[in-house]
Amino acid sequence: MSKQVVWPAIFYIRLAEFTFRMLEFENVSKSFWTGVQRKVILDRVSFKVELGTSLGILAPNGTGKTTLINMMAGLEKPDEGVIRRNCRISFPLGFMGGVVPKHSAMINARYIARLYGLDPDYVEAFCRWLCGLDEYFDQPLGVYSSGMKARFTFSLMLALEFDIYLIDEGMPSSTDAEFNRKSASILQERLRTTTIIIVSHQPEVLEKFAQKAAVLHWGKLHMFESLEEAKQLYDYETTR
């Protein structure tokens with residue numbers, strides 16, 4: 001008898017529809033012990049991301065960009081405060097915790113489609129077309145290179161159609177020009193109807209996607225109406 005596959009909890013979460021949909025942090029704090037000292041990621045931070053206004057967050061390496069994105073997705077809990085997710089929020093770009101390495105991309109795509117109530121044929125066809133893995137699409141994810149895995153998870157994220165997409169450090173690194181062209185085109189099209197939250201230590205990564213911007217530094221999130229304003233604080237804080 002074959003063993004039943006236990007799929008990670010992140011794909012079982014179905015968020016309810018709310019009249020006013022947004023992502024909200026209220027007095028949220030997060031820190032962890034490094035073995036030497038306590039590292040503060042967020043210190044009583046409050047902000048809102050309303051649908052229709054994409055946000056770019058500038059943060060130096062080592063300040064907690066990935067932790068912040070994971071908290072938005074519900075993968076990590078705050079130490080204090082409340083996070084309200086009143087919309088459909090994606091898993092972070094590149095997140096591999098929701099797929100099973102011993103199964104093929106085809107099996108993973110079809111099973112996850114069913115969990116979200118979508119047509120498995122559509123999700124499989126979309127991922128197969130976008131990631132361009134050819135015969136590897138029918139082989140276990142465990143044999144994939146890191147670039148191939150990133151292409152598949154990005155394709156899967158776009159196939160599921162969320163209200164807010166979470167991107168950590170930009171698009172997946174790929175030498176496949178066709179994948180880069182197609183994925184960038186789809187993401188730009190999604191900007192018309194969805195919202196993107198992207199975090200990076202490079203301002204140029206945010207320029208294509210962000211309408212508003214913020215700077216994460218020393219546990220505080222400083223919000224700005226434009227990326228140019230955020231860059232001024234970011235440059236000052238990271239060069240002094």
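Tabulated data
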| quantity | calculated |
| --- | --- |
| In Å², nearest 10: area of Asp235 left accessible to a 1.4 Å probe | 70 |
| When each of Lys77/Lys182; Lys30/Lys212; Lys30/Lys102; Lys182/Lys220 is checked by Cα-Cα distance, pairs over 31 Å | Lys77/Lys182; Lys30/Lys102; Lys182/Lys220 |
| Share of pairwise Cα separations in the stretch 155-240, more than 18 Å, in percent | 48 |
| In the stretch 156-225, the GluC sites (Glu not before Pro) that fall in loop regions by DSSP, at most 13 other Cβ within 10 Å | Glu207, Glu225 |
| Per residue solvent-accessible surface (Å²) - the stretch 74-135, probe of 1.4 Å | 48 |
| Of the trypsin sites (Lys or Arg not before Pro) in the stretch 80-119, those whose Cβ has at most 15 other Cβ within 10 Å and which sit in DSSP loop | Lys102 |
| Accessible carbon and sulfur surface of the chain relative to its total accessible area, %, 1.4 Å | 51 |
| Length-normalised contact order of the chain in % [C-alpha pairs under 8 Å, at least 6 apart] | 27 |
| Extent along principal axes [Cα atoms of the stretch 30-171; Å; largest to smallest] | 47, 36, 23 |
| Accessible area per residue in Å² at 1.4 Å probe, computed on the stretch 181-240 | 56 |
| DSSP-assigned coil residues among chymotrypsin sites (Phe, Trp or Tyr not before Pro) in the stretch 20-99, each with at most 14 further Cβ atoms within 10 Å | Phe20 |
| Over the stretch 87-240: Rg over Rh, Cα atoms, Kirkwood Rh | 1.02 |
| Average Cα contact separation per residue, the stretch 117-240, under 8 Å, 6 or more apart, as relative contact order % | 18 |
| Exposure of Ser226 as accessible area (Å², to 10), given a probe of 1.4 Å and all protein chains | 40 |
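The values are calculated or read from the model by the stated rules, or taken from the named source; none is laboratory data. Remember, predicted model here, so these are calculated numbers, not experimental data. Because the Cβ atoms are built from the backbone with ideal geometry, glycine has one as well, and the counts that use them run over all protein chains shown. Heavy atoms of the whole protein, side chains included, go into the accessibility calculation; ligands, DNA and RNA do not. Shrake-Rupley method; radii C 1.70, N 1.55, O 1.52, S 1.80 Å.
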